[in-house]
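The values are calculated or read from the model by the stated rules, or taken from the named source; none is laboratory data. Since the structure is predicted, the reported quantities are computational estimates derived from the model, not experimental observations. Reconstructed Cβ throughout: ideal geometry from the backbone, glycine too, with neighbour counts over all protein chains shown. Side chains included, ligands, DNA and RNA excluded: accessible areas come from the protein's heavy atoms. Shrake-Rupley method; radii C 1.70, N 1.55, O 1.52, S 1.80 Å.
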Amino acid sequence: MASLQDQLLKAGLADQKKAKAIRNEKHKQRKQQPKGAVQVNETEVRARQAREEKAERDRQLNLKRQQEAERKAVQAQIRQLVETNRLDRSRGETSYQFVHDKKIKKMYVDDTMADQLSRGRLAIVSVSDQYEIVAEGVARKIIERDAQAVVVLHDRKTDDVGDDDPYAGYEIPDDLMW
């Protein structure tokens, strides 16, 4: 079987002069290489680099997918915590105003909820572009997963006496707003 070079010469696609020049060039390259050195095949090197680059891209893509899956799992946990522990605010008549994303938001709650929100016993949580009220313990669990989800959670004061309030007998006028 004739070599590709011989076949091209017979077909008339290449001439004897070019074939001889290419043979001489290859011979010179082999002579210039030191003894014992392996001739590097450029296509193999490119193929190996392409495989390595593809493997790196695949690793990066898998890492992004894994992070996205973890984020979705955390959001599902938060959503479940809120769904199971949210407080009913359907009887709310008092407006409670708070700031979220540099905007003042308003939600209607009853008087005890407003008091507990200001004392830090309740918290407002944002889930799926809705605001819900949950207990402080649930809000702390949500903060562990995603701090951005909790919109309002006031710090409890150590001097907060709660039910043993010495000023419990003094009522605040209804028309007083601060």
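Miscellaneous remarks
- Computed from the C-beta positions of ASN24 and ALA2 and an R0 of 22 Å, the FRET efficiency is 0.60 to the nearest 0.05.
- Within straight-line cross-link reach of LYS72, lysines at Cα separation under 18 Å, skipping those fewer than 8 residues along the same chain: LYS64, LYS141
- Label assignment, Cα extents along the principal axes in Å derived from the structure, set (i) 56, 45, 27; (ii) 114, 36, 28; (iii) 47, 35, 30: (ii)
- Residues ASP58 and LEU13, FRET efficiency given R0 of 45 Å [Cβ-Cβ distance, rounded to 0.05]: 0.60
- Neighbour count of at most 10 Cβ within 10 Å plus DSSP loop: longest GluC sites (Glu not before Pro)-free window in the chain: 1-92
- Surface exposure of the chain, expressed per residue as accessible area with a 1.4 Å probe, stands at 83 Å².
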